[in-house]
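One structure is given here, and the rest of the page talks about it.
Values quoted throughout were computed directly from the atomic coordinates according to the rules given, and no laboratory measurement underlies them. Quick caveat, the model's predicted, so the values are computed rather than measured. FYI the Cβ positions are ideal-geometry reconstructions off the backbone, even for glycines, and counts take in every protein chain you see.
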């Protein structure tokens, strides 16, 4: 009998595909349903962030930093302003620090809610997505009363804030915290401990700890592999040392340490921790002027700085080179999604098409952050 | 409008304002405007607001707008975000894959004219209308969900005034 | 561990190609390493018991000055919780730097990005292609002398 | 009914032409409004209003509007598609489903055709839609469609087995394959439904657990045959975009959708007929008003719609399975359990 010739199927997923979370293109080489190789192609949202920074003054870069990782704009701003403040040696008032921490933790909630919701959608459950979006809407409401914008805020400025929090902000946040607490268990009942969902996520896309470090994984992806590393604790910035919170890590409860379910669960637990931080911070906001330290002209001395913060996606670092003028000489953003996405190839070999989708969702990428 | 264009030759004989044509127009327009299926497709920041608009709080389903994953099933494409040069050819192809009658709504400054990337964005297409025809522009960076809804209502208005007999684009 | 101590350790291990640490400018001190040494130095930094730089935070390509390009490595260690900045400077006419993607897998995409935007060529890189810009893009866009093209594939680029 | 129509028209041919008309109308109306029901039910489950512009607050005209719009859509023939097969596929799929309706007993006076091998016919004829899906997926010349059709074939063919095994229990108990006979046998109230052992003495009690399990298996596997979540791998949005009907536009896509929604009711009809008394009132003849032929329509359709609701409910609650897990569920769980049920019922009948 003549030998039957077989060919691998090459399937292009994206740049427009419901579950690539934006404009990512994955080139899958398939053998039936089994994935032999994945080649990610990025750059479909390359908006020249780094070129823009060279033409803008330092404060003008903040809105562009917003637009990098557009689902957690506050954290992006925080990272950038901390970098510039470090370069200029500015000490910001404590009130500003408190507000920044509260805002970035709220932003963490919003970002994780979106990540979890879209993850449910990847698994085929559409309802959790809408539940998460409805909860997220309440967070956006808080941002809206503070700075008027829902998504991209330009709220943190170098040395301060664009304006103070509104009068009833603390009351609203407390109301929100009370509203949010039962939502986590609701989400657990709806999705996390669903038998089918566990079947779909546990033991899939296992990321060993040593490879996670070597490949530069960050944030929940790193912690999902069981590494207790969080910049808020390990390389503290702002006033995080003042707060008491845990670092959730993946424990392999339903499968192996570092599988999709662990990464997912780390996000659920992080939301609980964020609520803890907000509760501790909201009552202790000191009085003060949020704009007293804002410099008239942001003109850092010649030098360079690499500042990193823990965004919901992981370590976001800005490497800024200043040549002493009003514009940065070079700004390079080390985006967490960029490093996390580069893992997809190693994580999805040998699994099925449906698993690639789930693994991609568990990495929680935002293309704006990857392509910049 | 492809199908409308084809019909054009046959109904030239009717004067515009013919009572049968007008009623048929109304019915057909009503069908198109009340059931605009959109593409399950987002580009950038605006996509998040688009998702928020179709979620429970604002609920696009009220207007009969549901997301469909395939370009063959849809009537309206929401260009939600920055169109880069690398993506532009793909968007053009998507547009060509959509069956007539089709509409395009450009959401946000980036899709309208390049937005904040207009000057130094060497890799950004300065407005999606350079590659595909746009029916409604929604300004904002990003537009609030209310603004997107307003844009969709404007598009409905536009469809309402279209006609089999006379082309209004 | 202080950058001075790291310098001393490196100085003992490598005879040449390790620059004096620059500490006078704010904020991060750095060392300039010769391009030809960079892979060996990085491997040493990762595997040396006292240093253990197991994590590559960031790898940036920089248009350093009129004639030179630079690659900047931000390293940190999980085990010992210290940081280090390395630089390597190459002329624009011959921008060849050995890859470190065999030392840290994280460097793979960062190097492709630096190649794409700055034009540093990483020797022995497994898959050195453009990553952000399209394959047929011309020029390296983050160079200071970069000119925006008039047209790309028939689409007008400037506003 | 046959006799009545024959008396009026006096011709077999006209009678045969008239009989399917209400059936066809029912399928179309049901499919249209099942789409609306899905949107409304999902809206209710997701705290949102759902369609409420076309036709007032209830959105009652939304399906009509969708239909008007889809009629205006351009028919697209993808480049390099196999033209004839491409045009044919939606019709094959829809016809296969529609033919299945022929033996669904809506009432004691109305059934498309009361075949003596009705159930067997149903399983045979609905498999035609698999062929349609295979044709559609292949001829579209799209890899996603191809994956969708391959999945659909694997899935539907596998799930035929547990479906047939679960139905076999009732066939053995009833000793017939005729759909009307199944219903007639379950007369006399809820205790005589086959899910509760069917008509018989006290000894039937030992059958009840097996039959409940068989009913569940039948429901689950028919869910898979109708390609509904959690088994909607054929059109899994997040993996293979829309699967088989990815390349179809306008009315052709509607044919696929109609087939899917019609199939939902058809499989519910099978579950209802086999296990839940078909068109029998749960009160038997205790309340004769509720058991007139016209009320039987209401009972049957009501029971059917309940299962359709359950299908929608599941769809908006559960994530979907993976391909291998789907097969695992079928071959490792459903088939062995169904076999146990068959043995138990057989043993009972022998003894």
Practice task
With everything on Cα atoms, drop me the angle between helix C:3-13 and the longest principal axis of chain C, reported from 0 to 90° to the nearest 10.
Solution key: 80
Fill in the blank from the handout: Longest principal axis of chain C (C-alpha) makes with the long axis of helix C:107-117 (C-alpha) an angle, in degrees to the nearest 10, of 40
Exercise for the section: Using the number of other C-beta atoms within 10 angstrom as an exposure proxy, rank D:300, A:180, D:343 with the fewest first. Expected result: D:343, A:180, D:300
Completion exercise
Note: the range A:121-175 at 37 °C, 0.692 mPa s; Kirkwood Rh on alpha carbon pairs; Stokes-Einstein D in µm²/s works out to 252
Problem - Residue-averaged beta-carbon neighbours from other chains (10 angstrom radius) around A:32-44 - result: 4
Exercise for the section: Using only C-alpha positions, report the orientation-averaged shadow area of the convex hull of the range A:48-349, nm², one decimal. Expected result: 14.9
Fill in the blank from the handout: Expected max-MSF residue from D:110, D:261, D:333 in the GNM of chain D (alpha carbon, under 10 Å) is D:333
Practice task
Express the relative contact order of the range D:120-160 as a whole percentage, based on alpha carbon pairs under 8 Å and six or more residues apart in sequence.
Solution key: 40
Fill in the blank from the handout: Rh_Kirkwood(the range A:14-169) over Cα pairs, Å, one decimal, evaluates to 17.8
Practice task
Determine the calculated [θ] at 222 nm for chain D from helices alone, applying -39500 (n - 2.57) to every DSSP H run no shorter than 4 residues and normalising by the residue count; nearest 500 deg cm²/dmol.
Solution key: -21000 deg cm²/dmol
Problem - Dimensions (Å) - the range C:34-109, Cα atoms, principal axes, largest first - result: 39, 22, 18
Handout entry: Range of Cα positions in the range D:23-72 per principal axis (Å), largest first
Key = 34, 23, 16
Completion exercise
Among C:107, C:79, C:40, the residue with the largest mean-square fluctuation in a Gaussian network model of chain C built from Cα contacts under 10 Å is C:79
Exercise for the section: Do me a favour and compute the ellipsoid semi-axes for the range C:3-133 from its Cα gyration tensor, root of five times each eigenvalue, largest one first, whole Å. Expected result: 23, 17, 13
Handout entry: Overall dimensions of the protein assembly as shown as given by Cα atoms, namely Rg and Dmax in Å
Key = 32.0, 111
Problem - Residues C:127, C:54, B:75, sorted so that the one with the fewest Cβ neighbours within 10 Å comes first - result: C:127, C:54, B:75
Fill in the blank from the handout: Calculated from DSSP helices alone, with each H run of at least 4 adding -39500 (n - 2.57) and the total divided by the residues of chain A, [θ]222 nm to the nearest 500 comes to -14500 deg cm²/dmol
Exercise for the section: Could you line up A:75, A:325, B:163 from fewest to most neighbouring Cβ atoms inside 10 Å? Expected result: A:325, B:163, A:75
Completion exercise
Relative contact order of chain C (C-alpha contacts under 8 Å, at least 6 apart) in percent is 17
Exercise for the section: Shielding by partners for B:109-121, please: the mean number of other protein chain Cβ atoms within 10 Å of each residue's Cβ. Expected result: 4
Problem - chain C - mean residue ellipticity at 222 nm from DSSP helices (-39,500 (n - 2.57) per run, n ≥ 4, rounded to 500) - result: -6000 deg cm²/dmol
Practice task
Over the Cα atoms of the range D:1-120, compute the convex hull volume and normalise it per residue, giving Å³.
Solution key: 206
Completion exercise
As a Kirkwood estimate from alpha-carbon pairs, the range A:25-108 has a hydrodynamic radius in angstrom of 15.7
Handout entry: Among A:260, A:188, A:203: highest mean-square fluctuation, GNM of chain A, C-alpha pairs under 10 Å
Key = A:188
Completion exercise
Relative contact order as a percentage, the range D:80-350, C-alpha pairs under 8 Å and 6+ apart, gives 26
Fill in the blank from the handout: Inter-chain shielding metric for A:47-57, i.e. average beta-carbon neighbours from other chains within 10 angstrom, reads 6
Problem - Solution diffusion estimate, µm²/s, Stokes-Einstein, the range A:280-343, Kirkwood Rh from C-alpha pairs, 37 °C, viscosity 0.692 mPa s - result: 223
Fill in the blank from the handout: note: chain D, Cα-Cα separations exceeding 31 Å make up a percent value of 36
Exercise for the section: Compute the acute angle (0 to 90°) between the alpha-carbon long axis of helix C:38-47 and the principal axis of greatest extent of the alpha-carbon atoms of chain C; round to the nearest 10°. Expected result: 50
